[in-house]
Amino acid sequence: MSLQLIDTHSHIYDPQFDADRDEAVARARAAGVGRILLPAVDAESYGAMFALARQYPELCRPMMGLHPTSVNDNPRWREDLEQVARYLAAPPEGIHFCGVGEVGLDLYWSRDFLSQQQQALRFQVELSLQYGLPLVIHTRDAWDEMCALLDAFRGRGVRGILHSFCGTADHYRALKAAGGFLFGIGGPVTYKKSSLPDTLREIPLSDLVLETDSPYLPPVPYRGKRNESAYVGLVACRLAEIYGTTPEEVAAVTTRNARALFGERIS
């Protein structure tokens, strides 16, 4: 089986890959992964992300953004957002950003910083509109809040990916009404107790993209181990079962969806 895949969300620049990053890249290529999109997290990781994007410019495409949990307990979060804005205005040499991400809302650890996270997200949505870049949005224990925030941008051309989508069919419909969104599906769709397969029966394949979130959220049979971009094909295989089609068709549709969203930035 030969698949042509795009991993729309991989932190392969993470220190967990320091010992074998080149080998992980080779495994991804061997598995048919033609592009690996790199969501940013915060200032501590930007350097590693830039280095990987420069090393593999034909494969890895970076984003720029501030992760919501990097807002929590961070007295410098506003300054960090200004740094995001400066990078988008003047990217470092050899860097071409394909999106604004990873941004969003994460209330799993605490709800104490919701207001700050909302401010940070709105600021970065505005940046995405200013530069015509898609958003890559992280949502954890905050789907209702995310739907409300993005609905406020309805009609302004906001677009992007709801990374690691695990909301309900109602959340899907609300987010589709708010803008031009696709929904990132990764390892959790393979988990035995996941409700995602049932939800996906109300979501067309034409609204999905594939992702790994490496090194996190590995698919079965690698659950409990480090995830990597080579495993994105396992997600395609599970989606093929859910949609009653072939892995090749899932790969073709999701790759086409990703290329339509990101355009020449990942061509």
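The values are calculated or read from the model by the stated rules, or taken from the named source; none is laboratory data. All values reported here derive from a predicted model rather than from experimental measurement. All Cβ positions, glycine included, derive from the backbone under ideal geometry; neighbour counts span all protein chains shown. Keep in mind that these areas ignore ligands, DNA and RNA; they rest on the heavy atoms of the full protein, side chains included. Shrake-Rupley method; radii C 1.70, N 1.55, O 1.52, S 1.80 Å.
Determine the pairs where a residue that is more than 20 Å from residue 181 (Cβ to Cβ) and hydrophobic (A, V, I, L, M, F, W, C), located within the range 245-267, has a partner that is open to solvent by less than 30 Å² (accessible area, probe 1.4 Å) and not in a helix (DSSP H, G or I) with Cβ atoms under 6 Å apart, the partner being 6 or more residues away or on another chain.
These pairs meet every condition: 251/3; 251/5.
For the range 58-86, what are the residues that are within 12 Å of residue 42 (Cα to Cα), assigned to a helix (DSSP H, G or I) and touching a helix residue (DSSP H, G or I) at 6+ places or on another chain (Cβ under 8 Å)?
68, 70, 77, 80, 81, 83, 84
It is to be established whether one or more residues within the range 102-121 are farther than 30 Å from residue 234 by Cα and in contact with a strand residue (DSSP E or B) (Cβ under 6 Å, 6 or more places away or on another chain). I'd like the intermediate steps shown before the answer.
Of the range 102-121, the ones farther than 30 Å from residue 234 by Cα are 110-121.
Next cut, in contact with a strand residue (DSSP E or B) (Cβ under 6 Å, 6 or more places away or on another chain) only: 117, 121.
Within the range 102-121, one or more residues are farther than 30 Å from residue 234 by Cα and in contact with a strand residue (DSSP E or B) (Cβ under 6 Å, 6 or more places away or on another chain).
Going through 199, 139 one at a time, which residue ends up being among the polar types (S, T, N, Q), open to solvent by less than 60 Å² (accessible area, probe 1.4 Å) and in a helix (DSSP H, G or I)?
199
Select from the range 4-54 the residues that are hydrophobic (A, V, I, L, M, F, W, C), in contact with an Asp or Glu (Cβ under 7 Å, 6 or more places away or on another chain) and farther than 17 Å from residue 217 by Cβ and list them in ascending order.
40, 43, listed by residue number.
Is it the case that residue 242 is over 21 Å from residue 137 (Cα atoms) and either touching a Ser or Thr at 6+ places or on another chain (Cβ under 6 Å) or β-branched (Val, Ile, Thr) (or both)?
Yes, satisfied.
What number of residues within the range 19-44 satisfy the criterion of being closer than 23 Å to residue 69 by Cα and acidic (Asp, Glu)?
2
So which of 177, 148, 169, 120 ends up being in contact with a helix residue (DSSP H, G or I) (Cβ under 8 Å, 6 or more places away or on another chain) and open to solvent by 40 Å² or more (accessible area, probe 1.4 Å)? Steps first, please.
Details: 148 fails: in contact with a helix residue (DSSP H, G or I) (Cβ under 8 Å, 6 or more places away or on another chain); 169 fails: open to solvent by 40 Å² or more (accessible area, probe 1.4 Å); 120 fails: open to solvent by 40 Å² or more (accessible area, probe 1.4 Å).
Exactly one residue qualifies, and that residue is 177.
Those residues that are assigned to a strand (DSSP E or B), open to solvent by less than 10 Å² (accessible area, probe 1.4 Å) and touching a residue at least 40 places away in the same chain (Cβ under 8 Å), I need them from the range 23-44; list them, please.
Once the filter is applied, which keeps residues that are assigned to a strand (DSSP E or B), open to solvent by less than 10 Å² (accessible area, probe 1.4 Å) and touching a residue at least 40 places away in the same chain (Cβ under 8 Å), the range 23-44 yields 33, 36, 37.
Please work out which one of (1) exposed (fewer than 14 other Cβ atoms within 10 Å of the Cβ); (2) on the phi < 0 side of the Ramachandran plot is the condition residue 94 fails and give its number.
Result: residue 94 passes all but (2).
Cβ contacts < 8 Å: first residue at pLDDT 95 or above, restricted to the range 137-148; second residue among the charged types (D, E, K, R), any location; separation 6+ or different chain. Result?
Correct list of pairs: 137/102; 138/102; 138/106; 139/106; 140/106; 141/106; 142/106.
For the range 146-175, enumerate the residues that are part of a helix (DSSP H, G or I) and within 25 Å of residue 83 (Cβ to Cβ). I'd like the intermediate steps shown before the answer.
Step one: list which residues in the range 146-175 are part of a helix (DSSP H, G or I), which gives 146-151, 169-175.
Within the range 146-175, 146, 149, 150 qualify.
Sort through 61, 78 and tell me the only one that's within 19 Å of the chain's Cα centre (by Cα), among the basic types (Lys, Arg) and open to solvent by 20 Å² or more (accessible area, probe 1.4 Å).
Matching residue, one of 61, 78: 61.
Let's see how each residue does on (1) over 25 Å from residue 63 (Cβ atoms); (2) surrounded by 17 or more Cβ atoms within 10 Å (Cβ to Cβ); (3) out of contact with any helix residue (DSSP H, G or I) (no Cβ under 8 Å at 6 or more places or on another chain):
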position	(1), (2), (3)
212	no, yes, no
219	no, yes, no
227	no, yes, no
238	yes, yes, no
244	yes, no, yes
250	no, yes, no
257	no, yes, no
261	no, yes, yes
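Please give the number of the condition residue 47 fails out of (1) closer than 28 Å to residue 109 by Cα; (2) in contact (Cβ under 8 Å) with a residue 40 or more places away in the chain.
With (1) closer than 28 Å to residue 109 by Cα; (2) in contact (Cβ under 8 Å) with a residue 40 or more places away in the chain applied to residue 47, the lone miss is (2).
Name the residue, out of 161, 185, that is surrounded by 19 or more Cβ atoms within 10 Å (Cβ to Cβ) and in contact with a Gly (Cβ under 6 Å, 6 or more places away or on another chain). Write out each step before concluding.
Numbers: 185 fails: in contact with a Gly (Cβ under 6 Å, 6 or more places away or on another chain).
Exactly one residue qualifies, and that residue is 161.
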